[in-house]
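The values are calculated or read from the model by the stated rules, or taken from the named source; none is laboratory data. Computed from a predicted model, the values in this text were never measured in an experiment. We place every Cβ from the backbone using ideal geometry, glycine too, and count neighbours over all the protein chains shown.
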Amino acid sequence: MSVHFQPSPRRILVRGVNWLGDAVMTTPALLRLREKFPAAHIALLCPEKLVDLWRHHPAVDETISFAAGEGVFAIGKKLRAGNFDLAVVLPNSPRSALEVFFANIPQRLGYARPWRNFFLTQAVGARAEAVKMRKRTVAEIQRLVAQNPESRIQNPEIENSAHQIFEYLQLTATLGASPEPLAPQLAVTPEEITAALKKFGLEKTAAPIFGLNPGAEYGPAKRWPVENFIAAAKKIQSRTNCTWLLFGGKSDMAITNQIASQLPTSNSHLLNLAGQTSLRELMALLKLCRVLLTNDTGPMHVAAALGTPVVVPFGSTSPELTGPGLPGDARHRLLKSAAPCSPCFLRECPIDFRCMNGIKVETVVAAVLSVV
């Protein structure tokens, strides 16, 4: 059921989400909101760490940031200066609803959830197609494995309509925007790409540029084994003579150092960039890559939204729910084993990591070669 505003909102605040990958998955809804209200001023409230993600984005006129630890009263006061007509609250937390409530924004739209509905003027019910990402218990995992000891029976497929992008699209559709999905979209400029090439010494690189992102912030259950990344990278390099760019944050430097020490560099250039790039530089370099081999993590979503094909081993998480790009996009290779306990949504595997160990190096190598 759509909610119509008379007159149409002139100034819209979108309370953005807090994590990089989730933020990328909100971009289809933001683009539909822009399409519905082309003359409105759309501001996005987000953590400081994500401000640069939205630079040059066609759906966002302004970003308003908040620091880690900044309170709801301070944020509400900051927002009151914007004189917003409408707030669209994308996160499901009570705090995010409180922020726009204290900002005195007259229309406040978000999903109905415990402890926050009072602070919204329009609490939207859950989608019928929504699938909850529930963590499995150890007992449940052990039971599933005992029932399928050879891991030959895979869990039933989840419909594409369960993907997280549809959660955000439903909120903007409530305002009359189109509910039809779009591919997540980010923007970098030619000048940013040129600057990144120069800064990291890639202007004269003739070899194809491939990216490798072996970390995952959520926990080890999302990480394909590092020795597999090394083996796959060696095979791919030997067949393509590619330039490998190793990506990651400062916490991933031990992993990327280990990978870099094992890769041959005599016939192909290699750059270990973990901890060395700003978010905008990361985006520019991901845009340059012909393919990104990565775990399920924020840069996976960023690369796909910039048009770069991604190859991703999935284990503890579900590509049907939070995979990169538009669900079903044939450019990407989203790989799963037949582990009956996957997805478990746990940070660490309580048994033998069969979901990731079941994705073989040869499968990943073939997937990468199929998209370059």
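Sort out which residues of region 321-342 are assigned to a loop (DSSP other than H, G, I, E, B) and within 14 Å of Ala216 (Cβ to Cβ), and write them in order of number. Answer for region 321-342, where residues must be assigned to a loop (DSSP other than H, G, I, E, B) and within 14 Å of Ala216 (Cβ to Cβ): just Pro324. Here Gly315 passes the criteria (1) within 30 Å of Ser161 (Cα to Cα); (2) at pLDDT 95 or above except the one numbered (2). Considered as a group, the residues in region 173-213 that are in a loop (DSSP other than H, G, I, E, B) and of a type in the set (Asp, Glu) include one that is nearest to the chain's Cα centre (by Cα), and that residue is Glu180. Comparison of Gly275, Gly307, Gly298, Gly315 shows that the only residue that is surrounded by fewer than 17 Cβ atoms within 10 Å (Cβ to Cβ), of a type outside the set (D, E, K, R) and in contact with a helix residue (DSSP H, G or I) (Cβ under 6 Å, 6 or more places away or on another chain) is Gly275.
When Lys360, Lys287 are screened for being closer than 23 Å to Ala274 by Cα and surrounded by fewer than 24 Cβ atoms within 10 Å (Cβ to Cβ), only Lys287 passes.
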